[in-house]
Amino acid sequence: MSKKHNQLINFLSTQEQEYIPAVKIAEAIGVTDRTIRNYIKEINEKFNQISIVSSPEGYKLQTDDINMLTVNETDLEETLLDFEIIQFLMNRDDYTTYDEIADKFFYSPQTIRSRIQKLTIDMDKLGIDVAIDTKVFKGIVLVGTEIQKRVLLEKLFTSISVKKEVYKDFLTQNFCDWIHEDVIERVLNLVEEINIKFDLNLEFLMYKKISVQLIIMISRIERGNHAAIELSEETEFKEFKEFEVARAFCNGILKYAIASENECIYLTNYLMSLHLDLEEPRIENKDLHTVKKIEKILFNIEQVYQVPTYSQKKFKTNILNHIYRIIYPVSHNLLIYNPFVKETKSEYFFSFSIASNIALEIEKEFNVEIHDSEIAYLAYHIQNIFESQDKKRIKTIILYNRNYERTKLLSSKIATYFNELEIYKIEKCTQDYAFNENCLYIGIDLAFTPKTEKEVIMVQNGLQNGEIKKIRFFLESQNSIIERANIYWIDENNLDQVIQKLLKSNQREDFIEAVMKREKMSYTSMGNLVAIPHPYFEIQEYKEEVIIGINQKAIEWGSEFVQLIIIYLPSNDVERNEYIFTEFFQKTKNITDVKKLVQMKTKEEFVNCWNQIKKTWSDENVIKYEKFIKNSL
């Protein structure tokens with residue numbers, strides 16, 4: 001099965017059994033809708049186990065096919081080999097040669113060496129604190145804490161895509177040297193029982209993760225390899241709902257392994273990292289020292305971004321509870337489970353940026369490392385704040401020379417036509433009139449043009465269609481920032497070179513450190529060949545500016561490849577910044593449009609191409625993550 005076939009099936013499997021138009025599927029995987037129809041025909045003809053049905057509304061997978069194995073054979077073989085190597089090394093306390101491993105799995109020593117080198121790179125990218133130590137003439141050995149070794153092994157195994165119907169056999173086949181088949185069956189039944197008892201609503205991937213983690217726990221306890229987790233004096237884990245679930249699991253495996261208090265606390269933290277769907281996730285008796293630190297973070301974020309993370313009790317309580325619950329799991333480097341990181345990062349880009357600043361503050365205060373999966377959960381909270389607030393309207397002053405009553409009537413009509421305007425005042429315009437920098441001005445039938453650097457919308461002869469269009473055009477031109485951007489065609493090899501080149505070309509070298517600081521926390525690549533580097537906001541005056549770079553080739557930017565770079569230096573208006581980030585996302589969400597943009601050769605061509613891209617809005621970004629947002633709030 002080809003990579004594009006896999007992408008198509010994986011995309012349809014996430015659409016909750018709704019019919020999806022071909023054009024939308026095409027956008028998602030970067031091909032034409034005609035190609036999509038050909039792919040679907042090929043899949044239906046060549047793969048008997050999979051069926052994609054059509055209707056006038058589009059295409060969807062048959063319900064029974066969603067959990068089908070969709071990776072190609074080469075990827076499956078490589079991923080499975082990685083798992084088997086780590087599984088083998090976990091049971092060896094001494095050094096093992098490449099030849100021994102090669103003989104064990106029937107590969108050449110060169111292949112094993114190559115896979116281990118890639119494994120080392122992958123472990124570093126994941127942030128898992130495990131290493132493969134190499135010594136000449138002795139071989140290799142796996143080093144790291146017991147907890148991190150378990151996390152790595154589970155991550156490798158659960159990344160293998162397999163349908164639910166064959167999961168038990170697949171699990172038995174790969175853990176038969178570690179644990180008896182009857183015990184595996186008991187673990188799977190136990191997960192089902194506890195899923196029902198606590199109403200966890202486990203998805204298949206979470207079901208896999210928990211069952212594998214329990215099997216690893218039983219086997220490692222039997223071998224005398226116990227999880228050593230530092231018990232916190234400040235945190236009483238028995239108050240967490242997850243502790244009750246963890247204890248139920250430990251009691252369920254009592255016949256096969258006796259879980260110590262450390263093991264039960266480790267499992268509690270592991271379950272917290274999954275963000276289970278529990279009815280009572282809040283903790284009443286919190287450690288005051290920890291709470292004060294979190295409150296300080298939320299206060300600082302509000303001061304910088306003017307988002308009520310601290311002053312409004314509802315938002316403060318929700319975010320504080322969330323952060324409080326994840327501090328201990330992340331302190332032990334347990335990977336936070338969140339399957340929608342990429343979508344969140346692109347669709348909620350501004351919220352994600354604020355969340356990454358919160359994450360940076362958490363890292364400083366608690367000496368932990370926060371990954372994108374957790375930043376995405378924080379972004380849900382910030383997005384929830386934005387969506388619950390009324391949008392600010394533009395404070396507008398109407399100027400007139402004479403006939404106040406007629407001006408008042410026209411101002412009411414303007415307010416009706418333009419909901420985004422708040423008619424703040426109606427004032428008489430004189431030669432020495434003092435203009436307010438923070439207001440928009442509309443002059444009605446003025447006898448002279450006011451002497452001011454601030455642009456005034458001049459309206460004559462009442463409010464006819466031409467005058468309405470003039471106001472609308474002015475408002476849209478104020479919102480558009482691309483026309484004022486500097487655009488550079490460059491040929492650089494990595495993100496550091498790109499950022500430095502663009503900022504230096506625009507005489508903005510003073511922003512290099514701030515922009516790179518943001519990249520180190522979480523890469524600003526959005527997918528679709530686009531990155532939006534920007535600095536963390538600080539409590540200081542900013543002047544909005546956009547610098548665009550079109551690189552000659554796509555370069556690696558985190559886990560994505562990027563060719564269109566939009567550096568955004570923000571204004572001091574938070575709502576304006578939110579608008580701009582949303583504009584960037586909406587204009588670059590279609591890979592076809594981005595590919596057109598990077599082909600432009602002049603600024604005029606680029607601006608025209610940008611302006612022709614239609615912004616399409618949908619409710620999917622809310623519906624798609626509804627469960628995850630609910631669980632994290």
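The table below gives the values:
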read-out	value
Looking only at segment 508-555, and only at residues there that are assigned to a loop (DSSP other than H, G, I, E, B), open to solvent by 20 Å² or more (accessible area, probe 1.4 Å) and within 14 Å of SER356 (Cα to Cα), the one that is modelled with the highest pLDDT	TYR523
LEU276 vs. criteria modelled with pLDDT of 95 or more and closer than 23 Å to THR158 by Cβ	no
Any chance ALA355 is touching a Phe, Trp or Tyr at 6+ places or on another chain (Cβ under 6 Å) and free of Cβ contacts under 8 Å to residues at least 60 places away in the same chain	no
Failed item, numbered, when ARG402 is tested on (1) open to solvent by less than 50 Å² (accessible area, probe 1.4 Å); (2) in contact with a strand residue (DSSP E or B) (Cβ under 9 Å, 6 or more places away or on another chain)	(1)
Residue selected from segment 357-381 under the condition assigned to a helix (DSSP H, G or I) and among the charged types (D, E, K, R), by the criterion most open to solvent (accessible area, probe 1.4 Å)	LYS364
TYR433 being at pLDDT 90 or above, open to solvent by less than 60 Å² (accessible area, probe 1.4 Å), within 29 Å of PRO570 (Cβ to Cβ) and not aliphatic (A, V, I, L, M)	no
Segment 233-273 - residue that is part of a loop (DSSP other than H, G, I, E, B) and over 27 Å from SER219 (Cβ atoms) and, of those, modelled with the lowest pLDDT	GLU234
Selected residue (only one of VAL245, VAL191, VAL212 is closer than 30 Å to HIS289 by Cβ and of a type in the set (Val, Ile, Thr))	VAL245
Near pairs, Cβ below 8 angstrom, 6+ apart or cross-chain, from segment 283-307 (farther than 21 Å from PHE386 by Cα) to any residue that is open to solvent by less than 30 Å² (accessible area, probe 1.4 Å) and modelled with pLDDT of 90 or more	ILE283/ASN321; ILE283/TYR324; LYS286/TYR324; THR290/TYR324; THR290/ILE327; VAL291/LEU320; VAL291/TYR324
Hits in segment 493-539 - residues which are of a type in the set (Val, Ile, Thr) and under 15 Å from the mean Cα position of the chain (by Cα)	THR524, VAL530, ILE532
Some residue of segment 497-507 being part of a strand (DSSP E or B) and polar (S, T, N, Q)	no
Residue match in segment 72-93 (condition: among the β-branched types (Val, Ile, Thr), in a helix (DSSP H, G or I) and either at pLDDT below 85 or in contact with a Ser or Thr (Cβ under 8 Å, 6 or more places away or on another chain) (or both))	yes
Matching residues in segment 445-461 - criterion: being part of a loop (DSSP other than H, G, I, E, B), at pLDDT 85 or above and within 16 Å of PHE474 (Cβ to Cβ)	LEU446, THR449, PRO450
Some residue of segment 162-173 being surrounded by 14 or more Cβ atoms within 10 Å (Cβ to Cβ), in contact with a helix residue (DSSP H, G or I) (Cβ under 7 Å, 6 or more places away or on another chain) and either basic (Lys, Arg) or closer than 28 Å to LYS286 by Cα (or both)	yes
Residues that are of a type in the set (Val, Ile, Thr), assigned to a helix (DSSP H, G or I) and under 43 Å from the mean Cα position of the chain (by Cα), drawn from segment 396-427	ILE414, THR416
Residue ID - farthest from ALA26 (Cα to Cα), chosen from residues in segment 43-59 that are in a loop (DSSP other than H, G, I, E, B) and modelled with pLDDT of 75 or more	SER51
Which listed residue is of a type in the set (Val, Ile, Thr), assigned to a loop (DSSP other than H, G, I, E, B) and open to solvent by less than 30 Å² (accessible area, probe 1.4 Å), from ILE301, ILE326, ILE354, ILE336	ILE336
Close pairs (6 angstrom Cβ cut-off, 6 or more residues apart or separate chains): closer than 18 Å to GLU544 by Cα and at pLDDT 70 or above in segment 467-487, open to solvent by 30 Å² or more (accessible area, probe 1.4 Å) and basic (Lys, Arg) anywhere	ILE487/LYS603
Residue satisfying all of: in segment 174-207; β-branched (Val, Ile, Thr) and either in contact with a Ser or Thr (Cβ under 8 Å, 6 or more places away or on another chain) or farther than 19 Å from GLN87 by Cα (or both); most open to solvent (accessible area, probe 1.4 Å) among these	ILE196
Tally of residues being part of a helix (DSSP H, G or I) and open to solvent by 30 Å² or more (accessible area, probe 1.4 Å) across segment 568-582	4
Subset of segment 485-525 (residues that are touching a helix residue (DSSP H, G or I) at 6+ places or on another chain (Cβ under 9 Å) and among the aliphatic types (A, V, I, L, M))	ALA485, ILE487, ILE490, LEU495, ILE499, LEU503, ILE512, VAL515, MET516, MET521
Hey, ASN269 within 22 Å of ALA359 (Cβ to Cβ) and crowded, with 19+ Cβ neighbours inside 10 Å or not	yes
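The values are calculated or read from the model by the stated rules, or taken from the named source; none is laboratory data. No experiment lies behind these values; they were computed from the predicted model shown. Reconstructed Cβ throughout: ideal geometry from the backbone, glycine too, with neighbour counts over all protein chains shown. To get the accessible areas, we keep the full protein, side chains included, count just its heavy atoms, and leave off ligands, DNA and RNA. Shrake-Rupley method; radii C 1.70, N 1.55, O 1.52, S 1.80 Å.
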